[in-house]
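Input: a single structure, listed below in structure tokens.
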Amino acid sequence: MVSSAGSALTWELVDGVAVVTFDLKGEPVNKLSQVVKQDMLATFEALGHDASVKAVAFFSGKPDSFIAGADIEEFVKLTTAAEAERLSAEGQEMLDRVARFSKPIAVGIHGACLGGGLEFALACGYRVASDHPKTQIGLPEVQLGILPGAGGCQRLPRLIGARAALDMILAGKVERAAKAFRVGIVDELVHPAILQDVTVAAAQRLAGGWRPRRRRPGSLVGALLDGNPLGRRLVYRAARKQVLARTRGNYPAPLAALEAVAHGLEHGMTEGLKREAQLFGQLAVTDVSRKLVQIFFATTALKKDFGIPNPPPPAVVKRLGVVGAGFMGSGIAGTAIAQAGVDVRMKDADLPRVAKGLAAAREILDDRLRRRHITKYEHTRLIALLSGDASYTGFGRAELVIEAVFEELDVKRQVLREIETAARPDTVFASNTSTIPIHLIAEGAKRPELVIGMHFFSPVARMPLLEVIPSARTAPPAVTTAVAFGRRMGKTAIVVKDSPGFWINRILTPYMNEAGHLLVEGVAIEEIDRLMVEFGFPVGPITLLDEVGLDVGEKVVGVMHDAFGERFAPVAAFAGMVKSGRLGRKAGKGFYTYAGGKKGSVDPAVYELIGSQPNGGPRPAEIIQRLLFVTLNEAARAVGEGIVRTPRDGDIGAIFGFGFPPFRGGPLRHADDLGAARIVGELERLAERYGPRFAPCDVLRDHAQRNAKFYP
Ligand code: T1G
């Protein structure tokens, strides 16, 4: 074994092949930094000089990660574009040396191979990857507001063609190994047990003069598009259009990455690298990139945070009980099986309902199979984990039960009573309520210490957030069990206070209600939605209401109005919609029409029900301000009440829970950016004009007075 002192790289000679292992001591993942760069250069220098080394086989020493990319902590410290450009150029130079190394290099990839990690692998001659779910391959840089800056914008399109490369780079996609193999990034796909042997054998073949023959998958037309400047111009134009439709110009990184790719393909590698480094430099110091990196660190921190001090170990959940086989219940059941691989037992009032729920849960697994996320074999195995009945048989073995029945306090209490008899004495009972305080549900419970809230968002399989809500009587192990299980389901969990609407519906309700006020004042439905999409939300508030369901929305507002009074007063316009059965997407009609699962246009008949006709209404800037400031005000008030433990939880919740624009960092960061004094001033003006619902809360007034911030 050879290594220099303190080095992250060690190697040993196996039949003429230097088997190099990269293992950054004291770090959970391998990352590329200035120190590692020196280490790499020194190691390759030594390997180059050693005549007994004929080829190199490169591996990670970490159990489940290859290289997670450049060290994000290092590049966020940069303050000028020039410094960042230099860092990128130095990374490119190192990988250029790897690419021009005098002996062949094969890499064996197992685990995350991301960003600079993939750029390194692309600079090597041959890539073998393990066919394992942990092996994730991609260039996620644009998700951090930057671009692949160590030659990735040049080497990937040269390997797999402009279209396939842009498809990955511009969306920051991370792919499973099988997909990376299909598009041609990976040369060989093998079982993890033989990764090392196959890679070493490939290195030996390369040393013997063998060269892999690569043929790009795809059609003749595709090859023509990628293969000449005119075809590529069409590709760039289409990509640009797609990016703008998705980002609305709010995210500069994808367009810059497109430019780096195009410049390199049209003017050659050297010019391309230069442009790539320049653009990387500019992006790295943008406010958007800073915000996105903060989101990465906040999400990472939440992976380890149980939301309570001295968290006890969570219960190991092997069997989950789900009560209520409706849309939410089946979403929870299907996602729990797909992500956590647990045994799920569903229960509803009668067998037809159970059957419908089982079919809907199974649909989530079918979808995974269709997308090739799981094999046929896994699909069959997972489906066998799902069962259900109209009775509680099988609930006696569940460590966790989640109820997703009708949002009525009495119904939920009834289910809890039944579970306390049917399940074990230590089974945790979680309510998927969106508004009802947990302490009310737990009133009269035999074991209130095991009762907790787990608020999932719809559709469960796709929405990344989970609110976990302990009541004052919930015991710590129930909290850690709920958080840990939510994480196994792939969710980012925030622990929030037991108060009506918790965090998300608390701040979402005034936002939705304000949209209702604007409608009544004559703003067109599409106009409200369009303005908020432009602001950065994935969909506007009216579309969101259609998605959530107007009956659900009405219930939520009712609870909030009862709890917090007049500022939450429901807008009468919505009641007419519910009465006429226009409940949103699930009913096939809401504000918009829905045919065959697709959203259509606004139904003009809706305006009669609302009792107003579009007449322009307030100016666009005023519309945005009203929707935004009413939300920021409520968010600040809720923070003051301790609804979220930290501004970090609040911002991540709003971004993942209802799509608050990530590039703005979340409502609390955005409030800091605007400044409390300005917000208070505007709120006072709005209150005078539109009513006391805009009256600035004490927290913002206090911030304004002391010049304080949520993130000092
Ligand atoms: N830099 C710094 N720290 C990182 C890191 C990175 N790239 N990746 C992970 N960590 C830390 C993380 O903060 C946490 O730290 C620990 O590792 C475990 O992570 C030139 C510019 C790899 C899939 O965007 O997606 O390459 O809190 O809890 O769930 O073009 O981390 O324990 O101290 O998340 O198993 C591009 C980001 C960089 C990948 C592992 N790369 N990382 O997930 O563990 S830019 C990324 C991830 C770039 C080049 C450029 C995930 C993971 P701590 P974890 P995990």
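The values are calculated or read from the model by the stated rules, or taken from the named source; none is laboratory data. Just so you know, these numbers come straight off a predicted model, no measurement behind them. For neighbour counting, all protein chains shown are included, and Cβ atoms are generated from backbone atoms with ideal geometry for every residue, glycine included. Just the protein is used for accessible areas: all its heavy atoms, side chains included, with ligands, DNA and RNA removed. Shrake-Rupley method; radii C 1.70, N 1.55, O 1.52, S 1.80 Å.
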Inset, instruction - Taking amide H positions as placed in the peptide plane 1.01 Å from N, state which residues far from His132 in sequence (5 or more) or on other chains have amide H under 5 Å from it. - result: Ala177
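When only Cα pairs under 8 Å and 6 or more residues apart are kept, what is the percent relative contact order across segment 508-608?
The normalised contact order for segment 508-608 reaches 24 percent.
Would you mind getting the Kirkwood hydrodynamic radius of segment 1-113 from its Cα pairs, rounded to one decimal in Å?
Answer for segment 1-113: a Kirkwood hydrodynamic radius of 14.8 Å.
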Legend entry - Among beta bridges that DSSP assigns inside the chain, antiparallel share in %, nearest 5: 30 percent
Inset, instruction - With N set to the residue count of segment 184-239, report its C-alpha Rg divided by 2.2 N^0.38 Å to two decimal places. - result: 1.67
Legend entry - Sorted largest first, extent of segment 9-285 alpha carbons per principal axis (Å): 53, 46, 33
Inset, instruction - Quote to one decimal, in nm, the extra length available between Arg100 and Ser458 on full extension: 0.36 nm per residue of separation minus the C-alpha distance between them. - result: 123.8 nm
Legend entry - Label-point gap, in nm, between Leu440 and Ala587 - each point 7 angstrom along Cα→Cβ: 2.4 nm
Inset, instruction - Would you mind computing, in nm to one decimal, how far apart the modelled labels at Asp287 and Arg689 are, each placed 7 Å from Cα along Cα→Cβ? - result: 2.2 nm
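Whenever you get a sec, line up Ile652, Ile364 from highest to lowest accessible area (probe 1.4 Å, protein heavy atoms). Walk me through the intermediate numbers first.
Numbers: Ile652 5, Ile364 30 Å².
The residues order as Ile364, Ile652, largest area first.
From Cα pairs below 8 angstrom and at least 6 apart in sequence, can you work out the relative contact order of segment 9-285, rounded to a whole percent?
Working: 537 pairs, mean separation 58.1, N = 277.
Relative contact order comes out at 21 percent.
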Inset, instruction - Give, as a single signed number, the net charge of other residues whose beta carbon lies under 14 Å from the beta carbon of Ala563, with Lys and Arg counted +1 and Asp and Glu -1. - result: 0
Legend entry - 20 Å cut-off, amide nitrogen to a point 7 angstrom out along Thr393 Cα→Cβ, residues in segment 310-353: 319-325, 343-353
Inset, instruction - Report the net charge of residues surrounding Phe181, where surrounding means a beta-carbon distance below 14 angstrom and charges are Lys +1, Arg +1, Asp -1, Glu -1. - result: +4
Inset, instruction - Round to the nearest 0.05 the FRET efficiency obtained for Asp23 and Gln613 when R0 = 60 Å and r is the Cβ-Cβ distance. - result: 0.30
Legend entry - Cα-centre dipole for the chain with unit charges at Cβ (Lys and Arg positive, Asp and Glu negative), debye to 20: 1660 debye
Inset, instruction - Starting from the eigenvalues of the Cα gyration tensor, five times each then square-rooted, give me the equivalent ellipsoid semi-axes of segment 504-706, largest first, whole Å. - result: 28, 18, 16
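Which whole-number percent of Cα pairs in segment 590-712 have a distance greater than 20 Å?
More than 20 Å apart: 54 percent of the Cα pairs in segment 590-712.
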Inset, instruction - Give me the angle, in degrees from 0 to 90, between the Cα long axis of helix 620-640 and the longest principal axis of the Cα atoms of the chain, rounded to the nearest 10. - result: 90 degrees
Legend entry - Cα lying deepest toward the dipole's positive end in segment 358-408, options Ile374, Leu400, Ser387, charges on Cβ: Ile374
Legend entry - Estimated 222 nm signal from helices in the chain, with DSSP H stretches of n ≥ 4 weighted -39500 (n - 2.57), rounded to 500: -15500 deg cm²/dmol
Inset, instruction - Leaving ligands, DNA and RNA out of it, work out the accessible area of His439 with a 1.4 Å probe and give it in Å² to the nearest 10. - result: 80 Å²
Legend entry - segment 134-176: radius of gyration over Cα atoms, expressed as a fraction of 2.2 N^0.38 Å: 1.06
Inset, instruction - Quick one: accessible surface of Ser601, probe radius 1.4 Å, all protein chains present, in square angstrom to the nearest 10. - result: 80 Å²
Legend entry - Residue-normalised accessible area of the chain, given per residue in Å² at a 1.4 Å probe: 42 Å²
Legend entry - Overall form of segment 559-630 per C-alpha gyration tensor (a/c, 1.5; a/b vs b/c): oblate
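Please list Trp503, Trp210 in order of solvent-accessible area, largest first, computed with a 1.4 Å probe with all protein chains present.
Trp210, Trp503
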Inset, instruction - Please report Rg over Rh for segment 319-495, where both radii come from the alpha carbon positions and Rh follows the Kirkwood definition. - result: 0.95
Legend entry - Probe 1.4 Å, all protein chains present, accessible-area order of Arg163, Arg582, Arg619, Arg215, largest first: Arg215, Arg619, Arg163, Arg582
Inset, instruction - Could you tell me what percent of the accessible area of the chain is made up of carbon and sulfur, with a 1.4 Å probe and every protein chain present? - result: 56 percent
Inset, instruction - Restricting to segment 319-495, compute how many DSSP beta bridges are antiparallel as a %, nearest 5. - result: 15 percent
Legend entry - With eigenvalues of the C-alpha gyration tensor scaled by 5 and rooted, the chain, Å: 47, 32, 25
Inset, instruction - May I ask for the net charge around Ala461, where only other residues with Cβ less than 15 Å from the Cβ of Ala461 are counted and Lys, Arg are +1 while Asp, Glu are -1? - result: +3
Legend entry - Calculated FRET efficiency for the pair Arg645/Asn707, C-beta based, R₀ 25 Å, to 0.05: 0.55
Inset, instruction - Run the 1.4 Å probe and let me know the accessible area of Val411, rounded to the nearest 10 Å². - result: 60 Å²
Inset, instruction - Report, to the nearest 10°, how far helix 504-520 tilts away from the longest principal axis of the Cα atoms in the chain, using its own Cα long axis and a range of 0 to 90°. - result: 70 degrees
Legend entry - Dimensions in Å of segment 268-327 - Rg and Dmax from alpha carbons: 22.2, 61
